[in-house]
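Please read the structure below before turning to the comments.
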Amino acid sequence: MQREVNTPLASTADMRLYLRDEELDRGAGLILLAERALAAAAEPARKASGLKRGEMQILLSIHQFPGQDVSSLRTRLAMTVPTCARLLGELDKRGLVARDPGGDDRRRRALHLSEDGEAVLDPIMSAMRSALREAYKITGPGDVAGARTLLETITR
C-alpha cells in the first residue's frame, strides 16, 4: 500500500537524492547509532536496577506492547526459546512481569508488567525520554513527525 506524503519537503525534494544507495546506507547506519545512543542513555539506570540487557529488552517490549504472548515477544526480540524462557523466568522470580490467561487459547498467556516491573522500568524510560526530548527540541515538530513515520513504517 502506497502512502501519500504531505510534507513540503516531499513535494519539493528530488526523491532520487535520498533514495541513492549511499544515502540509504547512511540512514541505516544512523538508525543503528540512534538505537545504541538510547541504550547508552539508559545504561546507568539499567545497571542500578540490576537488570541484564536482555531482561531490559523484554521489559521494554512488554511495556510497548502489553498483552503480547511469549511467542510474539520472542519473535519481536529475535530471541531463542531457551534465552527468552530463562530471562522471563528470572523476571518472574523478581515479580516484574505478570502473565494473564489469553483470549481464546487459554494456554497462551498475555504478558504485562507488574507494579514492580513498572517501577523498575520507570528510571530507564525516563533516561531514554530525556535523550529523545533533547533531540526533539533541536529538530522540531515536523522532523519529529517525519522520523516517527519513517520508523513506524520500517518496523511494520
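The values are calculated or read from the model by the stated rules, or taken from the named source; none is laboratory data. Bear in mind the structure is a predicted one, so any value in this text is a computation, not a measurement. Cβ atoms come from the backbone with ideal geometry, glycine included; neighbour counts cover every protein chain shown. With ligands, DNA and RNA removed, areas are computed over all heavy atoms of the protein, side chains included. Shrake-Rupley method; radii C 1.70, N 1.55, O 1.52, S 1.80 Å.
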Handout entry: Listed residues Glu22, Glu90, Glu43, most fluctuating in the chain (Gaussian network, C-alpha, under 10 Å)
Key = Glu22
Handout entry: Rough spin-label spacing in nm, given labels placed 7 Å along Cα→Cβ, for Leu150 and Ser130
Key = 2.6
Problem - Among 116-125, 131-140, the order from most to least packed when residues are scored by Cβ within 10 Å on average - result: 116-125, 131-140
Handout entry: Two-site label geometry, Thr83 and Glu43: point separation in nm, points 7 Å out along Cα→Cβ
Key = 1.9
Handout entry: Solvent-accessible surface ranking, highest first, for Lys47, Lys93 at 1.4 angstrom
Key = Lys93, Lys47
Problem - Principal-axis tilt of helix 81-93 within the chain, Cα atoms, nearest 10 degrees - result: 60
Exercise for the section: Identify all lysines with a Cα-Cα distance to Lys93 below 20 Å; exclude those on the same chain that are fewer than 8 residues away in sequence. Expected result: Lys47, Lys52
Exercise for the section: First check a/c for segment 116-156, with a ≥ b ≥ c the square roots of the eigenvalues of its C-alpha gyration tensor; if it is under 1.5, answer rounded, and if not, answer prolate when a/b is larger than b/c or oblate otherwise. Expected result: oblate
Completion exercise
Placing one equal point scatterer on each C-alpha of the chain and summing with Debye, one gets log10 I(q)/I(0) at q = 0.12, 0.15, 0.19 Å⁻¹ equal to -0.67, -0.94, -1.22
